[in-house]
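The values are calculated or read from the model by the stated rules, or taken from the named source; none is laboratory data. Source: prediction; values computed, not measured. In this analysis, Cβ positions are derived from the backbone assuming ideal geometry, glycine residues included, and neighbour counts consider all displayed protein chains. Protein only, heavy atoms only, side chains kept; ligands, DNA and RNA dropped before computing areas. Shrake-Rupley method; radii C 1.70, N 1.55, O 1.52, S 1.80 Å.
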Amino acid sequence: MIHEATYPEVKKKSQKSGDFIKETFPVLEMTCAACAVSVESMLQSVEGVKNAGVNFANQDAWVEYDPAVATPAMLQNTVRSIGYDLVIEKENQQEVKEAAQEKQYQAIRQRTIWSSILSVPIVVIGMFLMDMPYANWIMLILATPVVGYFGRSFFVNAYKQATHRKANMDTLVALSTGIAYLFSAFNTFYPSFWHNRGLHAHVYFEAAAVVIAFISLGKMLEEKAKSNTSSAIKKLMGLQPKTVTLLLPDQQTKEIPVSEVKINDVLLVKPGEKIPVDGRLTGGESFVDESMITGEPIPVEKKANDAVFAGTINQKGSFRFKAEKVGAATLLAQIIKMVQQAQGSKAPVQKLVDKIAGIFVPVVIGISILTFIIWMIVGGEQAFTHALLTSITVLVIACPCALGLATPTAIMVGVGKGAENNILIKDAESLELAHKVDAVILDKTGTITEGKPRVTDMVLDPAVNQQDVKNILFSIEQQSEHPLAEAVTQYLEEQNSKAVSVQQFESITGKGIAAKYQQKKYVVGNSRLMQEREIRIPENLQQQVTQLQEQAKTVLLFAEGQLVIGIIAIADRVKEGSKQAIATLEQQGIEVYMLTGDNQQTAKAIAAEVGLKHYKAEVLPADKAAFVETLQKQGKTVAMVGDGINDSHALAQADVSIAMGKGSDIAMDVAKMTLITSDLNSIPKALKLSDKTVRTIKQNLFWAFIYNLVGIPIAAGILYPINGFLLDPMLAGAAMALSSVSVVSNSLRLKLATL
């Protein structure tokens, strides 16, 4: 059994073996994709860990482990043993991670600045002033702090990796710059060793120093770009206020941190303030901007007993509310968690890339050694110099960073872009798969329609006083508990109807209601009730009743005495954007189906209204899943869109499952995507986002692979026999940094995409 748990829960369950839990921890100090592979394999090696995954782009690790065998502290110690760190504290975890990342960024920035300052004179001397007195000694003095101090992290990390028989990008940098520096230092101290053999004692201080400066620059730009990819999470977190006004029993107020709010606390929200936790109004009235949850731009009126949600903004008026959900239980926290999980999940293509990155470094070291050997054999008089130079250049240019960043950065930006457009994506796999969708199944109620009955038509006999009759109808319906009565009273409220004093209210189960006003008897109900009471329906109204019923609307009759004086048609109205969304999907060559448990007449009417060609009526929940399976067997990639518990089976069966945000919690749990707006136009947007994200991943992978495929042979000196060209390690370092930055920049372009 697997479940999510907080750290205290982990401790509590530590006595029971075999009960696996899954937790996410921020990882610090990772510098490349191979680092992520190393951390992942180390976590998986801990006893009691069933599975683990590390995302280099968002610097998070998820671990599925048995708390009876393994503990977060054990996981932390294991990760620390190879030079990284794991944040296991639950309090302010995100703040700790951000502070550590900021510290890391500042350290890299300082390293870059000083490495660059010291490298510039080394390059000038190495390129133009080689014959100046003590040139090698000056370069040695300048290069030593660059390699030995500002570049020390590469050597420390490479050593820690080597002790666990692992290698990463730091290994490549440490080997290349270390060899260049030691060889140059030897030639500076003992130039006679080469002179006695008739050779010049070359030094490569500039290569060692500049490679460290360039790689540090690349890392600095990469860190900056990576922090931008998680801006969606930061924006979501910024929606929750830090402090809250607590209303004490003696009506005094007290300012407390939002983390100290407990369930059943009564809180005060003033105009313009953000609502801190989920709860229900106990006093006061206001309008609340809930657009971050519903996507609806118009503020919603809130009165006593209405629900309010964390992160929404109070517009006018103060109100008090009782806290019902706090901390991780609030809707906002769940949205943040969903986005984090999606950004941390790996697309199938990423798993392949991780495997490649894991074996890439040893392969490159092998190529470098092979290059050295070949040059020593065929290099002639300059054999050793060329062998050393080319083998170092191969190590420098073959960084797997671009490869490792290609997929996760695109996924992170894609998920963030989705969140900005009210599309919550639960995992990377569905984001990668959605662009292949060629069949979309829509549930009717709550998906195509509003899922809430509303009055669509009200026709009253022109001979009666319209407003008086509306007031009487309003007063009678107000006393009914029938779901349709709510639709009628809401409609009449909008018509400015006022309550009058009716008497002798009577509810006739399954048929309607009756009451008296000023000695006249009024009846509201279905035609069966009218027949039973021998109430006459005028011919003109009967014709309209027939027409409205043909449109699959529920018709109520309103009678005064023995004559029907009005008809009220009620229907679940089609959402404003449904027709447009279906038309857009069909224009994209996607087949759209509607499945509903309603009768044939209603299904036909709704399908005609929204322009649907394919629909099925009277469908049971199991039939929906079977229909999804049928389409899948025809080779289609199926997306199921629904909002109810009855859609859960079909959502789980579909290739891509999409839940409506106002639907049931179960539907949202099952679905891989959730639309937090009720507008169906978000579906074509989600499919378009998938297409753009996958295209970005392909572009990134192409450039990352082509860079290494072309760069490594050139670095090994393949062009030398043709035109005498040997790639300088300095240029290799610059190209390597540029490749990582270009991949991240390409992913960030997704932010500008129009959906």
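For segment 79-97, how many residues meet the condition of being modelled with pLDDT of 75 or more, in contact with a helix residue (DSSP H, G or I) (Cβ under 9 Å, 6 or more places away or on another chain) and in a helix (DSSP H, G or I)?
1
Just to be sure before I move on: is K604 touching a residue at least 40 places away in the same chain (Cβ under 8 Å) and not hydrophobic (A, V, I, L, M, F, W, C) in the structure I sent? Reasoning before the result, please.
Numbers: touching a residue at least 40 places away in the same chain (Cβ under 8 Å): yes; not hydrophobic (A, V, I, L, M, F, W, C): yes.
Spelling it out, K604 is indeed touching a residue at least 40 places away in the same chain (Cβ under 8 Å) and not hydrophobic (A, V, I, L, M, F, W, C).
Go through segment 611-646 residue by residue and tally those that are of a type in the set (K, R) and open to solvent by 60 Å² or more (accessible area, probe 1.4 Å). Lay out the reasoning, then the answer.
So in segment 611-646, the residues of a type in the set (K, R) come out as 613, 616, 624, 633, 636.
Within this subset, residues satisfying the condition of being open to solvent by 60 Å² or more (accessible area, probe 1.4 Å) are 613, 616, 633.
Result for segment 611-646: 3.
Are any of the residues in segment 126-134 crowded, with 19+ Cβ neighbours inside 10 Å and at negative phi? Reasoning before the result, please.
Our first condition is that a residue be crowded, with 19+ Cβ neighbours inside 10 Å; within segment 126-134, this holds for 126.
When the remaining residues are screened for being at negative phi, the result is 126.
Within segment 126-134, one or more residues are crowded, with 19+ Cβ neighbours inside 10 Å and at negative phi.
Conditions tested, residue by residue: (1) at pLDDT 90 or above; (2) touching a Leu at 6+ places or on another chain (Cβ under 7 Å); (3) on the phi < 0 side of the Ramachandran plot; (4) in a loop (DSSP other than H, G, I, E, B).
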| residue | (1), (2), (3), (4) |
| --- | --- |
| L492 | yes, yes, yes, no |
| Q504 | no, no, no, no |
| V524 | yes, yes, yes, no |
| R528 | no, no, yes, no |
| L541 | no, no, yes, no |
| V545 | no, no, yes, no |
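So, in segment 691-710, exactly how many residues are β-branched (V, I, T) and crowded, with 24+ Cβ neighbours inside 10 Å?
Within segment 691-710, the subset β-branched (V, I, T) is 693-694, 696-697, 706, 710.
Still in the list and also crowded, with 24+ Cβ neighbours inside 10 Å: 693, 696-697.
So the answer is 3.
Has segment 320-331 got at least one residue that is open to solvent by 30 Å² or more (accessible area, probe 1.4 Å), over 11 Å from P276 (Cβ atoms), of a type in the set (D, E, K, R) and outside any strand (DSSP E or B)?
Within segment 320-331, none of the residues are open to solvent by 30 Å² or more (accessible area, probe 1.4 Å), over 11 Å from P276 (Cβ atoms), of a type in the set (D, E, K, R) and outside any strand (DSSP E or B).
Residues to consider are K498, K516; find the one that is more than 30 Å from D679 (Cβ to Cβ), of a type outside the set (A, V, I, L, M) and modelled with pLDDT of 90 or more. Give the steps one after another, and end with the answer.
Working: K498 fails: modelled with pLDDT of 90 or more.
Result of the check over K498, K516: K516.
Looking only at residues in segment 494-519 that are charged (D, E, K, R) and surrounded by 13 or more Cβ atoms within 10 Å (Cβ to Cβ), which one is farthest from T554 (Cα to Cα)?
Restricting attention to segment 494-519, the residues satisfying the condition of being charged (D, E, K, R) are 494, 498, 506, 511, 516.
From the residues that got through so far, the ones that are surrounded by 13 or more Cβ atoms within 10 Å (Cβ to Cβ) too are 506, 511, 516.
On the way: E506: 21, K511: 13, K516: 25 Å.
The selected residue is K516.
Residue-by-condition table, conditions (1) open to solvent by 70 Å² or more (accessible area, probe 1.4 Å); (2) of a type in the set (G, A, S); (3) at pLDDT 85 or above; (4) part of a helix (DSSP H, G or I):
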{"residue": "I658", "(1), (2), (3), (4)": "no, no, yes, no"}
{"residue": "G663", "(1), (2), (3), (4)": "no, yes, no, no"}
{"residue": "L689", "(1), (2), (3), (4)": "no, no, yes, yes"}
{"residue": "I712", "(1), (2), (3), (4)": "no, no, yes, yes"}
{"residue": "G717", "(1), (2), (3), (4)": "no, yes, yes, no"}
{"residue": "A734", "(1), (2), (3), (4)": "no, yes, no, yes"}
{"residue": "S745", "(1), (2), (3), (4)": "no, yes, yes, yes"}
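Name every residue in segment 147-197 that is open to solvent by 70 Å² or more (accessible area, probe 1.4 Å) and part of a loop (DSSP other than H, G, I, E, B), in order of residue number.
R165, Y190, N196, R197
How do the pairs read when you match residues in segment 703-731 that are free of Cβ contacts under 8 Å to residues at least 12 places away in the same chain with residues anywhere that are surrounded by 15 or more Cβ atoms within 10 Å (Cβ to Cβ) and part of a helix (DSSP H, G or I), using Cβ under 8 Å and keeping only pairs 6 or more apart or on different chains?
Every condition considered, the pairs that remain are F725/I714.
Being of a type in the set (S, T, N, Q), open to solvent by less than 40 Å² (accessible area, probe 1.4 Å) and modelled with pLDDT under 90 narrows it down to one residue among Q334, Q315, Q343; which is it?
On the way: Q334 fails: open to solvent by less than 40 Å² (accessible area, probe 1.4 Å); Q315 fails: open to solvent by less than 40 Å² (accessible area, probe 1.4 Å).
It is Q343.
Which residue, of A607, A552, is open to solvent by less than 60 Å² (accessible area, probe 1.4 Å), closer than 18 Å to E450 by Cβ and either of a type outside the set (A, V, I, L, M) or out of contact with any strand residue (DSSP E or B) (no Cβ under 6 Å at 6 or more places or on another chain) (or both)? Break it down into steps so the answer makes sense when it comes.
On the way: A607 fails: either of a type outside the set (A, V, I, L, M) or out of contact with any strand residue (DSSP E or B) (no Cβ under 6 Å at 6 or more places or on another chain) (or both).
Exactly one of A607, A552 is open to solvent by less than 60 Å² (accessible area, probe 1.4 Å), closer than 18 Å to E450 by Cβ and either of a type outside the set (A, V, I, L, M) or out of contact with any strand residue (DSSP E or B) (no Cβ under 6 Å at 6 or more places or on another chain) (or both), namely A552.
Among the numbered conditions (1) of a type outside the set (D, E, K, R); (2) under 16 Å from F150 (Cβ atoms); (3) more than 28 Å from the chain's Cα centre (by Cα), tell me where Q106 comes up short.
Of the numbered conditions (1) of a type outside the set (D, E, K, R); (2) under 16 Å from F150 (Cβ atoms); (3) more than 28 Å from the chain's Cα centre (by Cα), the odd one out for Q106 is (3).
Tell me whether segment 403-411 contains one or more residues that are open to solvent by less than 10 Å² (accessible area, probe 1.4 Å), among the polar types (S, T, N, Q), touching a residue at least 24 places away in the same chain (Cβ under 8 Å) and assigned to a helix (DSSP H, G or I).
yes
Kindly indicate which of I590, I582, I567, I606 is over 30 Å from L651 (Cα atoms) and at pLDDT 85 or above. Step through it out loud before you land on a result.
On the way: I590 fails: over 30 Å from L651 (Cα atoms); I582 fails: over 30 Å from L651 (Cα atoms); I606 fails: over 30 Å from L651 (Cα atoms).
Matching residue, one of I590, I582, I567, I606: I567.
Testing G577 on (1) farther than 22 Å from K624 by Cα; (2) touching a strand residue (DSSP E or B) at 6+ places or on another chain (Cβ under 8 Å); (3) open to solvent by less than 30 Å² (accessible area, probe 1.4 Å), one condition comes back false. Which one is that?
Looking at each condition in turn, G577 falls short on (2).
In segment 570-585, what residues are part of a helix (DSSP H, G or I) and not polar (S, T, N, Q)?
Filtering segment 570-585 for residues part of a helix (DSSP H, G or I) gives 578-585.
Across segment 570-585, the qualifying residues are K579, A581, I582, A583, L585.
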